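What follows is a short report on a single structure.
Bear in mind these aren't lab numbers, they're just calculated from the coordinates by the rules spelled out. Treat the numbers as computed from the prediction; the structure is a model and nothing was measured. FYI the Cβ positions are ideal-geometry reconstructions off the backbone, even for glycines, and counts take in every protein chain you see.
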Amino acid sequence: MATVDVLSLDKKKVGTVELSKDVFEIPVHKEILQTVTRWQLACRRQGTHSSKTRGEVSGGGKKPFKQKGTGNARQGSIRSPLMPGGGVTFGPLPRDYSYQLPKKVRQLGLRTALSHLKKEGKLFVIDAMKSTDGKTKELAVKLEAFGLKKACLIDAELDPMFNRASKNIPKFRYYGVEGMNVYDLLKYDGALITKNSLDKIEQRCGVK
């Protein structure tokens, strides 16, 4: 296990803690991160895109123009895909893009993402995430002084006032351990985790 400093939001050392090497010090395999990220993005897709086939377009009961003598190609219905406003050939239809990914792969993805952040020096352990008045400005100043431009804020249990203060900071995401995911860990390029969330993180990653 690796021993790291426990910091306050003011970036002052308040103690130390040991991190599990099975969660925070495993080899970083990019293909695992890519696999889990693709799965997450696929599951997020709404899949509500739709187009009408010629059978769903209204009208078309009358022949648009006579068969011969106009110089145009013969047409039998304004619903034809060849006509403006007609149906669409092989157009998109509503579908579900989600698929199953083995639980062990998902857990490995979380461990890999956390190990990547730890290796890059972008993972910090802090003592607590608390806010007395829920003011966004106060929290934004502390995060800026901490030296992070964007990061995930992960706590064991959501603090209502801290949640309220963090909602209007666009480049920071605050959620509990159950909301931790590979896509956000890589997108926000850093993570602040509380000391009391470490046990839950290990359970979420399949270590305990």
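Taking the stretch 10-43, which residues are of a type in the set (Gly, Ala, Ser) and within 19 Å of SER98 (Cβ to Cβ)?
Of the residues in the stretch 10-43, the ones of a type in the set (Gly, Ala, Ser) are 15, 20, 42.
Result: ALA42, single match.
Restricting to the stretch 29-44, what's the tally of residues that are free of Cβ contacts under 8 Å to residues at least 60 places away in the same chain and exposed (fewer than 12 other Cβ atoms within 10 Å of the Cβ)? Explain how you work it out, then say what you get.
Our first condition is that a residue be free of Cβ contacts under 8 Å to residues at least 60 places away in the same chain; within the stretch 29-44, this holds for 30-31, 34, 38, 42-44.
Next, only the ones that are exposed (fewer than 12 other Cβ atoms within 10 Å of the Cβ) stay: 30-31, 44.
Residues meeting the conditions: 3.
For LEU185, which of the numbered conditions (1) outside any helix (DSSP H, G or I); (2) touching a residue at least 60 places away in the same chain (Cβ under 8 Å) fails to hold?
(1)
So that you can scan it fast, the table gives a plain yes or no per residue for (1) closer than 18 Å to LEU7 by Cα; (2) aliphatic (A, V, I, L, M):
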position: VAL141; (1), (2): yes, yes
position: PHE146; (1), (2): yes, no
position: LYS149; (1), (2): yes, no
position: LEU153; (1), (2): yes, yes
position: LEU158; (1), (2): no, yes
position: MET161; (1), (2): no, yes
position: PRO170; (1), (2): no, no
position: ARG173; (1), (2): no, no
position: VAL177; (1), (2): no, yes
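Please find, among LYS187, LYS149, the residue that is under 16 Å from LEU117 (Cβ atoms), within 13 Å of the chain's Cα centre (by Cα), surrounded by fewer than 17 Cβ atoms within 10 Å (Cβ to Cβ) and not aliphatic (A, V, I, L, M). Write out each step before concluding.
Numbers: LYS149 fails: within 13 Å of the chain's Cα centre (by Cα).
When all the criteria are applied, what remains is LYS187.
Report, by residue number, each residue of the stretch 94-144 that is in contact with a helix residue (DSSP H, G or I) (Cβ under 9 Å, 6 or more places away or on another chain), of a type in the set (Gly, Ala, Ser) and in a loop (DSSP other than H, G, I, E, B).
Once the filter is applied, which keeps residues that are in contact with a helix residue (DSSP H, G or I) (Cβ under 9 Å, 6 or more places away or on another chain), of a type in the set (Gly, Ala, Ser) and in a loop (DSSP other than H, G, I, E, B), the stretch 94-144 yields SER98, ALA128, SER131, GLY134.
Tell me, yes or no, whether the stretch 60-74 has at least one residue that is more than 30 Å from ALA140 (Cβ to Cβ), among the hydroxyl-bearing types (Ser, Thr, Tyr) and surrounded by 12 or more Cβ atoms within 10 Å (Cβ to Cβ). Please lay out each step first, then the result.
Filtering the stretch 60-74 for residues more than 30 Å from ALA140 (Cβ to Cβ) gives 60-74.
Restricting the remaining residues to those that are among the hydroxyl-bearing types (Ser, Thr, Tyr) gives 70.
Among the residues that remain, those that are also surrounded by 12 or more Cβ atoms within 10 Å (Cβ to Cβ) are: none.
Checking the stretch 60-74: not a single residue is more than 30 Å from ALA140 (Cβ to Cβ), among the hydroxyl-bearing types (Ser, Thr, Tyr) and surrounded by 12 or more Cβ atoms within 10 Å (Cβ to Cβ).
For ASP155, are the conditions met, namely being buried (at least 18 other Cβ atoms within 10 Å of the Cβ) and among the acidic types (Asp, Glu)?
Numbers: buried (at least 18 other Cβ atoms within 10 Å of the Cβ): yes; among the acidic types (Asp, Glu): yes.
Answer is yes for this residue.
So which residues in the stretch 121-159 are free of Cβ contacts under 8 Å to residues at least 12 places away in the same chain and not charged (D, E, K, R), if there are any at all? Give the derivation first.
Taking the stretch 121-159 as the starting set, the residues that turn out to be free of Cβ contacts under 8 Å to residues at least 12 places away in the same chain are 121, 137, 141, 144.
Passing the criteria: GLY121, VAL141.
How many of the residues in the stretch 90-102 are of a type outside the set (Phe, Trp, Tyr) and either surrounded by 20 or more Cβ atoms within 10 Å (Cβ to Cβ) or under 17 Å from the mean Cα position of the chain (by Cα) (or both)? Please lay out each step first, then the result.
Step one: of the stretch 90-102, the residues of a type outside the set (Phe, Trp, Tyr) are 91-96, 98, 100-102.
Of the ones still in play, those that are also either surrounded by 20 or more Cβ atoms within 10 Å (Cβ to Cβ) or under 17 Å from the mean Cα position of the chain (by Cα) (or both) are 98, 100-101.
Number of matching residues: 3.
Restricting to the stretch 152-184, give me the number of residues that are of a type in the set (A, V, I, L, M, F, W, C) and under 13 Å from the mean Cα position of the chain (by Cα). Give the steps one after another, and end with the answer.
So in the stretch 152-184, the residues of a type in the set (A, V, I, L, M, F, W, C) come out as 152-154, 156, 158, 161-162, 165, 169, 172, 177, 180, 182.
In the following step, the residues that additionally are under 13 Å from the mean Cα position of the chain (by Cα) were identified as 152, 172, 180, 182.
Of the residues in that region, 4 qualify.
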